[in-house]
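Presented below is the structure to which this report refers.
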Amino acid sequence: SELAREFMRSAILVYPNVFEETSCISVLEAFAGGCAVVTSRRGALPETVGDLGALIDGEPGTPAYDEAFVDAVDRLLSDDAH
């Protein structure tokens, strides 16, 4: 119940994933709390996230990935229509 309250107070789940998810309960919980998700394009995450967030290509920690990740978070926080 505490986690659910935190998701409902948040806008985005930032999840720079480094492994192949088969199903991601954290993403589903974030959606239930009304959060958008920014995560890696790995495993089943593209299917789980769909249009409800941003999927970042590449390896977390690399300059290209990190820049794309920060840009996606910034866009979600600054553009209400997005």
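Segment 43-82 and segment 3-18 have Cα centres separated by 13 Å.
Measuring spread by the Cα atoms of segment 8-69 yields a radius of gyration and Dmax of 11.0, 31 Å. Amide H contacts under 5 Å for residue 43: 21, restricted to partners 5 or more places along the chain or on a different chain, H placed in the peptide plane at 1.01 Å from N.
Build a GNM of the chain with springs between Cα atoms under 10 Å apart, and of 43, 34, 61 the one that fluctuates most is 61. Heavy atoms of the protein chains alone define the surface here; on that basis the chain has 63 Å² accessible area per residue at 1.4 Å probe size. Restricting the chymotrypsin sites (Phe, Trp or Tyr not before Pro) of segment 1-80 to loop positions (DSSP other than H, G, I, E, B) with no more than 14 neighbouring Cβ atoms within 10 Å leaves 19.
Calculated from DSSP H runs of 4 or more alone, at -39500 (n - 2.57) each and per residue, what is the 222 nm mean residue ellipticity of the chain, nearest 500? The partial results should precede the final answer.
Numbers: 4 runs with 37 residues, N = 82.
Only helices count here, giving -13000 deg cm²/dmol.
Of the accessible area of segment 12-77, with the probe set at 1.4 angstrom, what percent is carbon plus sulfur? The C+S portion of the solvent-accessible surface of segment 12-77 is 56 percent. Annotation: amide H-H contacts under 5 Å for residue 53 (H modelled 1.01 Å from N, sequence separation of 5 or more, or interchain): 37.
Using Cα pairs closer than 8 Å and at least 6 residues apart in sequence, work out the relative contact order for the chain, in percent.
Working: 120 pairs, mean separation 22.1, N = 82.
About 27 percent, as a whole number.
Classify segment 36-82: rounded, prolate or oblate, from the alpha-carbon gyration tensor (a ≥ b ≥ c, eigenvalue square roots; a/c under 1.5 rounded; otherwise prolate if a/b is larger than b/c)? Display every interim value, and only then the final one.
Details: a/c = 3.33, a/b = 1.10, b/c = 3.02.
It is oblate, given that a/c is not under 1.5 and a/b is not larger than b/c.
The values are calculated or read from the model by the stated rules, or taken from the named source; none is laboratory data. Everything numeric in this text was worked out from a predicted model, so none of it was measured. In this analysis, Cβ positions are derived from the backbone assuming ideal geometry, glycine residues included, and neighbour counts consider all displayed protein chains. Heavy atoms of the whole protein, side chains included, go into the accessibility calculation; ligands, DNA and RNA do not. Shrake-Rupley method; radii C 1.70, N 1.55, O 1.52, S 1.80 Å.
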